[in-house]
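One structure is given here, and the rest of the page talks about it.
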Amino acid sequence: MMSRTAATDETAEAGTVQDKEDPEHAAEPNTDALDSGDEQKPAAESAESGSAVGGGRPVRDPARSISVKTLVTGVVVVAVVAAIAVLGWQLYSKSDEIDGLHRRDADSGHAESVALDYATGAAGMDFHDLPGWRAKLTKNTTPELSNRLTQAATSMEQIITPLQWTSSAKPIAAKVRSVSNGLYTVDCFVNVMTKNQQAPDGINSTATYNLTIDSNHNWVITNISGIDSALATK
C-alpha cells in the first residue's frame with residue numbers, strides 16, 4: 001500500500017514539474033475550436049447578407065442595363081437614318097419632277113419661239129425682193145415642205161408683182177396646242193400691214209399660222225396648215 005501511494009505521488013509531482021518547465025504548452029489555446037468558430041462566422045455573415053438582399057429590393061444587373069441602353073440607342077439611330085433616307089428620296093423625287101417641268105416648259109417655249117419667228121418672217125414680203133421672201137418662206141423646213149412652199153410662192157408671185165405688194169409683220173403670240181412624241185403643234189399669230197395698188201393706205205390684218213415642229217430633228221418645221229388671214233380695213 002505504501003509503495004502504490006508513493007508511486008502516485010511521484011507521478012503527480014512529475015506532472016507538476018513538467019507544467020512548470022513548459023509554460024508555452026500550458027498556455028497554448030485550443031486552435032481547433034477557434035478555427036471552427038471563424039469558419040462558422042463568415043458563413044453566418046453570408047447567410048445574413050443573403051437574407052438581407054433577398055428581403056430587400058432586387059439588385060439591378062449593370063450589364064443588362066447597358067445592353068438595354070445600347071439596344072434603345074441602336075433603334076433610335078436606325079429610325080433617324082430611315083427618316084433621313086425617306087426625306088432624301090422625297091426631295092430627289094420632287095427635284096426630278098421639278099426639273100422635268102422646267103424642261104417641258106423650256107421646250108414648249110422654244111417651239112413657240114421657232115414658230116413665231118418663222119411666221120413673222122414668212123408674213124413679210126416685198127415685190128422688189130421676191131427671192132428674199134422665198135428664202136424666209138422655206139427657212140427651217142423639211143425638204144418636202146420646202147418644195148411645196150416654193151411652188152406656192154411661184155403662184156403668188158404672179159399676183160404680188162402686178163399689184164406691187166408689200167407687207168410688214170409684227171409677232172403677237174404663239175402657243176403650243178399639243179405635244180406627241182417630240183412633235184409640237186403650235187398656233188401663232190402675227191400682225192400684218194399690207195399695202196398694194198388697190199390699198200395704198202394699207203390694210204391691217206392678223207395672220208394665223210399652225211405649225212408642226214419636230215424637236216427630235218433639230219426643231220425643224222414639218223408642216224404648215226390652217227393659215228387664216230382676217231383682213232380689216234385700216
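The values are calculated or read from the model by the stated rules, or taken from the named source; none is laboratory data. Because the structure is a prediction, the values reported are computed rather than measured. Every residue, glycine as well, gets a Cβ built from its backbone with ideal geometry; the counts of neighbours run over all protein chains shown. When the accessible area is computed, the model is the full protein with side chains, heavy atoms only, and any ligands, DNA or RNA have been set aside. Shrake-Rupley method; radii C 1.70, N 1.55, O 1.52, S 1.80 Å.
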Any chance segment 172-191 includes a residue that's over 24 Å from ALA106 (Cα atoms) and open to solvent by less than 60 Å² (accessible area, probe 1.4 Å)? yes
Tell me whether segment 150-161 contains one or more residues that are of a type in the set (D, E, K, R), open to solvent by less than 40 Å² (accessible area, probe 1.4 Å) and either touching a Leu at 6+ places or on another chain (Cβ under 8 Å) or modelled with pLDDT under 95 (or both). yes
For GLY121, the lone unmet condition from (1) farther than 13 Å from LEU211 by Cβ; (2) free of Cβ contacts under 8 Å to residues at least 60 places away in the same chain; (3) not basic (Lys, Arg) is (1)
Where residues in segment 208-223 are touching a helix residue (DSSP H, G or I) at 6+ places or on another chain (Cβ under 7 Å) and on the phi < 0 side of the Ramachandran plot, which of them is surrounded by the fewest Cβ atoms within 10 Å (Cβ to Cβ)? THR222
Residues ASP107, ASP99: which one is surrounded by 11 or more Cβ atoms within 10 Å (Cβ to Cβ) and acidic (Asp, Glu)? ASP107
Taking SER205 as meeting all but one of (1) out of contact with any Gly (no Cβ under 7 Å at 6 or more places or on another chain); (2) open to solvent by 30 Å² or more (accessible area, probe 1.4 Å); (3) not aromatic (Phe, Trp, Tyr), write down the number of the exception. (2)
